[in-house]
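The values are calculated or read from the model by the stated rules, or taken from the named source; none is laboratory data. Every value quoted in this text rests on a predicted model; they were computed, and no experiment measured them. Please note: Cβ atoms are built from the backbone with ideal geometry, for glycine as well, and neighbour counts cover all protein chains shown. Surface areas here come from the heavy atoms of the whole protein model, side chains and all, with no ligands, DNA or RNA. Shrake-Rupley method; radii C 1.70, N 1.55, O 1.52, S 1.80 Å.
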Amino acid sequence: MAERREDADETGAGLQLSPNASHILINWGLGPALARNGVAPNDLAIRRWGEPRAIIRMPLNKPDSESLAPFWVMLRADLHAALHREVQSHPKIIYRKGWALERIKQIGNGLILHFNTGNDPVEMSALCVIGADGQRSTTRKLTGDARDLDTPGWEAWRTLIPADTQLDFIRAATNNLWLGRDSHAVHYPVAAGRSINLVVVRRAKQAAEGWSRTGDPAVLETIAREAAPTLRDLMACAPQWSVWTLRDRSPAALIAKGRMALVGDAAHPLLPFLAQGAALSIEDAAVLADCMPPVEDARATTIEQGLRRYADQRAARVRKVYATARTNASIYHMPAPLAWFRDRRMTQLGPDGMRQRYSWLYDWRIASKGID
């Protein structure tokens with residue numbers, strides 16, 4: 001394994017792991033570690049931007065159903081730490097940080113990878129390459145997909161707020177979604193309930209480069225004035241804001257080519273309006289492991305066959321998730337009177353009806369092999 005960054009500072013980022021991903025992590029033996037720092041919210045409370053009363057509450061976890069995979073919310077850093085510990089403990093995995101892949105050359109039945117390590121360049125031979133190198137994937141470009149990212153016109157402001165400064169309503173084990181015209185907010189407890197992860201999404205006329213930049217709270221004043229008092233007070237508690245421009249790209253036409261394959265954002269960067277970026281990456285990893293040949297049968301032809309199976313199995317699902325996230329960008333930010341019809345439809349569906357609408361997403365399962 002090679003990672004181009006020396007260290008990943010993700011302390012300000014929360015993420016949601018719905019059951020389609022959490023059951024995989026549990027199969028990999030990471031359940032106890034993740035449960036220690038994660039929070040299992042009881043429900044998703046959907047509210048209008050200016051009103052504290054919930055329009056609908058969609059159940060996420062059922063406390064009387066131990067056999068069901070949990071819906072977790074947690075810090076990205078806590079997930080990374082659990083995965084990193086597992087990688088470090090595995091005798092067959094070599095992990096290198098600060099190695100940036102620059103090019104790949106095919107020689108006979110093998111591949112030669114060229115890395116920039118910041119010192120002397122390094123060459124490494126491999127039977128295959130799996131690119132999990134993010135939105136601006138070098139591996140994706142090497143497969144022949146050089147498309148730019150799309151910038152639909154949104155930016156996300158994120159912060160972590162100490163939970164002990166907040167009302168019980170904010171600290172409760174609930175995912176909260178506030179819907180407004182041209183803006184929405186999400187907040188939930190993380191770090192075993194010690195912090196509140198808050199993300200505010202707003203229209204942005206111009207894209208800015210960089211994954212994370214410091215945000216001026218004054219920029220949020222206009223939408224904060226229109227927010228319900230509880231949400232407005234929570235936004236005012238932010239010790240600092242990190243901002244990034246939201247980008248996506250339609251799923252790669254070639255999620256696998258020869259003995260190169262893409263997973264996660266390298267294959268299908270998503271808008272966060274379905275909270276499936278991390279979950280879909282975990283699904284990719286599990287399906288890829290399931291499709292690959294056993295070690296004793298690993299050769300050029302069997303690896304290519306396995307990667308083709310992986311691509312075939314993922315294509316339809318990643319396209320549907322991408323399209324649904326795009327659709328939610330419109331649904332979340334409807335103006336009146338369309339917003340009134342949206343809200344009425346949710347109340348007509350009721351809690352169980354709302355959950356059923358996402359059964360195709362959350363109830364997906366794979367009999368994962370785990371990490372061998």
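Odds and ends about this structure:
- Of the residues making up the stretch 203-256, those that are open to solvent by 40 Å² or more (accessible area, probe 1.4 Å), at pLDDT 90 or above and of a type in the set (D, E, K, R) are Arg203, Asp216, Glu221, Arg225, Glu226, Arg232, Asp233.
- Residues of the stretch 296-351 that turn out to be in contact (Cβ under 8 Å) with a residue 12 or more places away in the chain, more than 30 Å from Arg53 (Cα to Cα) and aliphatic (A, V, I, L, M), as a count: 7
- Against the conditions (1) assigned to a loop (DSSP other than H, G, I, E, B); (2) modelled with pLDDT of 95 or more, Ile46 satisfies every one except (1).
- Filter result for Trp364 (touching a helix residue (DSSP H, G or I) at 6+ places or on another chain (Cβ under 8 Å) and not small (Gly, Ala, Ser)): yes
Listed here are the residues, each with its yes/no results for (1) of a type outside the set (Asp, Glu); (2) at positive phi.
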site	(1), (2)
Gly108	yes, yes
Glu123	no, no
Cys128	yes, no
Gln135	yes, no
Asp150	no, no
Trp154	yes, no
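- Enumeration of residues in the stretch 28-38 that are of a type outside the set (Gly, Ala, Ser) and either open to solvent by 20 Å² or more (accessible area, probe 1.4 Å) or out of contact with any Phe, Trp or Tyr (no Cβ under 7 Å at 6 or more places or on another chain) (or both): Trp28, Leu30, Pro32, Arg36, Asn37
- Only one of Ala286, Ala300 that is open to solvent by less than 30 Å² (accessible area, probe 1.4 Å), modelled with pLDDT under 95 and more than 30 Å from Gly180 (Cβ to Cβ): Ala300
- Qualifying position, being closer than 27 Å to Leu198 by Cα, charged (D, E, K, R) and free of Cβ contacts under 8 Å to residues at least 40 places away in the same chain, among Asp265, Asp233: Asp233
- Residues in the stretch 51-91 that are among the charged types (D, E, K, R) and part of a strand (DSSP E or B): Arg57 alone.
- Thr139 meets the stated requirement of being open to solvent by less than 40 Å² (accessible area, probe 1.4 Å), part of a helix (DSSP H, G or I) and touching a Gly at 6+ places or on another chain (Cβ under 9 Å).
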